[in-house]
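Structure first, commentary second.
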Amino acid sequence: MNGHAVATIYKREMQRFRRTIVQSLVAPVISTSLYFVVFGAAIGSRIDQVEGVSYGAYIVPGLIMLTVMMQGTTNSAIAIYFPKYMGAIYEMLAAPVNFFEVTLGLVGAAMTKALIIGTIILGTSFFFVEISILHPFAMVGFLLLTCLSFALLGFIIGIWANSFEQLNLVPQLILTPLIFLGGSFYSASMLPPFWQGLIHLNPVFYLISGFRWSFFGQSDVAVGTSLFAIAIFTAVCLGVIAWIFRTGWRLRA
Amino acid sequence: MAAMIEVENLRKTYDGGFEALKGVSLSIEEGEILALLGPNGAGKTTLISTICGITEPTSGTIRVGGFDAATNPKAARRQIGIVPQEVNIDMYAKVWDSLAFTRGLWGKPRDDAHIEKVLRQLSLWDKKDGNVMSLSGGMKRRVLIGKALSHEPNVLFLDEPTAGVDVELRKGMWEVVEELRQAGTTIILTTHYLEEAEAMADRIAVITGGEIRLVERKDTLMRRMGHKTLTIELAESIGTLPPVLAEKGVVMEGPQTLSYSYDSASGNTGITRLLTAIRDEGLKLADLSTKQSSLEEIFVGLVHEDDKEKEAAE
């Protein structure tokens, strides 16, 4: 294990994070605050409660998930796409590091960033609504797993992308719809029957449901099912990454 | 001396079907400087990238410092520092951080004294806190060399280190290479400048069309490559070539043009005697010029010569 290399990659990414701290932190906090104002205050005043929880509080887990998934994916995608674009990837290919170490460093850093942002958003939400967390350990666990799995997904996207357009394509075209149709701002029971059926095919739905359970103790699907879904998602991403590094797909000629 | 790098029957066929390396075998000794000389598209970069692990070989074996690159890639790669042809570098990073990053990537513990030494050696010390982006082209290239040296490699690969670099910087680069050689680093550099190979290398390997045509000590090769042509423009036309000049091997190219071939590497080129003879004949000179065969001509000549030798041996 080339521990120095893992630490070096991780530190470099965190350094990049510090360099762009304003975009990285302020932007998500502002956009989340806007969600609170629009969804929580404006719409929430008309929707009294969802499953016994005030609407403003009900959307907090969804909002955190929304941001963490987006941040985890884009941070990780850029972390691998950027050196590829600059050509600086040659170093990682020639260095005495294996796929596991590179992934650990880059994905670890992307995960950390997403986690920091998620925590800040949770902190921000306390200014807007009153919330209590019923299962704090489970909450942290779900948050970590979500950061990990979406950082892995972003890593795959970053390797796959051949241009900045492609890099933006997946988050915009796939992630945003999945997250919005994943019950971030509503309970599945509020949807018409057709959409209720469809939502069960959306992996994000299970994540948000499980995460919401850790806050309020109730959810659209059983917690076990949520965990199972996230485990499968993570395993698929890991499998794809292992395959990429073994074959050198889009990395090695 | 022990072989630092051993390449046996290395082949690389790209996905598109292009065969970039057609069974290259090469052995590079510890502490020597080998120049890979060849025209564009000869396979120089592919060969280097494959040895360094950036490109997957189709077949063949690579050993670096005795470690097999396929079965023990980490140990093999630890020996190698690579300086790519393109300025492929994170432009937003600081010079110091860029070197420190590479060192860490190669698994070496932090060593500020070493990074400082490398930066000073490359005249980059006063730029250490500047962004790579703010540097001139020549400096960026030196940062790339600094990155490769940051982890104290035993072998250094320089892919066209002076392509697009001005004359002064090129000389500076040669000095850096000389210093490294004195420190005992094995160096493999690619170039399509004969002059560069001549200035830096101990041995020269000529590669064309994905095959190593020959590997020879520089001195031997320079002797073989040393043929030059002296063209003499006369002030007035002459009808026939004076026999004294014909005896010395002068050829008449036109009524006012004479040519003379000689070996620039030999101690006695015969030019002084030729010019004396021209003066004695009462001929007036309008102009003189010398021409060395282009690298392509030399390649063709060498390959041809080689084939003839092979035929003779069979």
Residue in segment A:103-110 that is in contact with a strand residue (DSSP E or B) (Cβ under 8 Å, 6 or more places away or on another chain), within 14 Å of another protein chain (Cβ to nearest Cβ) and farther than 30 Å from A:LEU181 by Cα present: no
Residue list for segment A:225-253, restricted to those being surrounded by fewer than 17 Cβ atoms within 10 Å (Cβ to Cβ), within 14 Å of chain B (Cβ to nearest Cβ) and of a type in the set (Val, Ile, Thr): A:THR247
Where a residue in segment A:116-140 is without any contact (Cβ under 8 Å) to a residue 60 or more places away in the chain and its partner, wherever it lies, is part of a helix (DSSP H, G or I), with Cβ under 6 Å and at least six apart: A:GLY118/A:ILE64; A:GLY118/A:VAL68; A:GLY118/A:LEU143
Restricting segment B:229-246 to residues that are touching a Ser or Thr at 6+ places or on another chain (Cβ under 9 Å) and surrounded by 16 or more Cβ atoms within 10 Å (Cβ to Cβ), the residue that is farthest from B:THR185 (Cα to Cα): B:LEU234
Residue list for segment A:4-53, restricted to those being of a type in the set (Gly, Ala, Ser) and either away from chain B (no Cβ under 14 Å) or surrounded by fewer than 12 Cβ atoms within 10 Å (Cβ to Cβ) (or both): A:SER24, A:ALA27, A:SER31, A:SER33, A:GLY40, A:ALA41, A:ALA42, A:GLY44, A:SER45, A:GLY52
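Do we find that A:LEU191 is at pLDDT below 90 and surrounded by fewer than 18 Cβ atoms within 10 Å (Cβ to Cβ) in this structure?
yes
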Residue match in segment A:132-147 (condition: buried (at least 23 other Cβ atoms within 10 Å of the Cβ), among the aromatic types (Phe, Trp, Tyr), modelled with pLDDT of 90 or more and farther than 23 Å from A:GLN218 by Cβ): no
Test set (1) over 15 Å from A:LEU66 (Cβ atoms); (2) free of Cβ contacts under 8 Å to residues at least 24 places away in the same chain - A:LEU144 fails condition number: (2)
Residue within segment B:285-302 that is at pLDDT 85 or above, out of contact with any Gly (no Cβ under 7 Å at 6 or more places or on another chain) and not in a strand (DSSP E or B) present: no
Unmet requirement for A:SER189, which otherwise passes all of (1) part of a helix (DSSP H, G or I); (2) in contact (Cβ under 8 Å) with a residue 12 or more places away in the chain; (3) in contact with a helix residue (DSSP H, G or I) (Cβ under 7 Å, 6 or more places away or on another chain): (3)
Selection within segment A:239-253 - farther than 24 Å from A:THR176 by Cβ and under 20 Å from the mean Cα position of the chain (by Cα): A:GLY239
Candidate set: segment B:74-87, residues that are out of contact with any Asp or Glu (no Cβ under 8 Å at 6 or more places or on another chain) and either part of a loop (DSSP other than H, G, I, E, B) or not assigned by TED's automatic domain parsing to the domain that holds B:THR46 (or both); chosen: the one nearest to B:VAL64 (Cα to Cα): B:GLN79
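Is there a residue in segment B:8-28 that is at positive phi, among the polar types (S, T, N, Q) and assigned by TED's automatic domain parsing to the domain that holds B:SER59?
Within segment B:8-28 (the criterion being at positive phi, among the polar types (S, T, N, Q) and assigned by TED's automatic domain parsing to the domain that holds B:SER59), the answer is yes, since at least one residue qualifies.
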Qualifying positions in segment B:212-222 - exposed (fewer than 15 other Cβ atoms within 10 Å of the Cβ) and either touching a residue at least 24 places away in the same chain (Cβ under 8 Å) or among the hydroxyl-bearing types (Ser, Thr, Tyr) (or both): B:THR220
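Could you pull out every one of the strands (runs of 3 or more DSSP E) wholly within segment B:13-65 that has 1 or more residues that are loosely packed, with under 15 Cβ neighbours inside 10 Å?
Correct list: B:19-29, B:59-64.
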Which listed residue is surrounded by fewer than 19 Cβ atoms within 10 Å (Cβ to Cβ), at the interface with chain A (Cβ under 10 Å from one of its Cβ atoms) and among the charged types (D, E, K, R), from B:ARG78, B:ARG103, B:ARG110, B:ARG120: B:ARG110
In segment B:37-56, the residues that are more than 11 Å from every other protein chain (Cβ to nearest Cβ) and touching a residue at least 40 places away in the same chain (Cβ under 8 Å): B:LEU37, B:GLY38, B:PRO39, B:ASN40, B:ALA42, B:GLY43, B:LYS44, B:LEU47
Residue that is nearest to the other protein chains (Cβ to nearest Cβ) [pool: residues in segment B:88-100 that are part of a loop (DSSP other than H, G, I, E, B) and either touching a His at 6+ places or on another chain (Cβ under 6 Å) or crowded, with 21+ Cβ neighbours inside 10 Å (or both)]: B:ILE89
Qualifying residue in segment B:1-9 (condition: surrounded by 16 or more Cβ atoms within 10 Å (Cβ to Cβ) and at the interface with chain A (Cβ under 10 Å from one of its Cβ atoms)): no
Residue within segment A:193-203 that is under 30 Å from A:LEU104 (Cβ atoms) and among the aliphatic types (A, V, I, L, M) present: no
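The values are calculated or read from the model by the stated rules, or taken from the named source; none is laboratory data. Note that this is a predicted model, so its numbers are computed, not measured. No Cβ is skipped: glycine too gets one built from the backbone with ideal geometry, and neighbour counts run over all protein chains shown.
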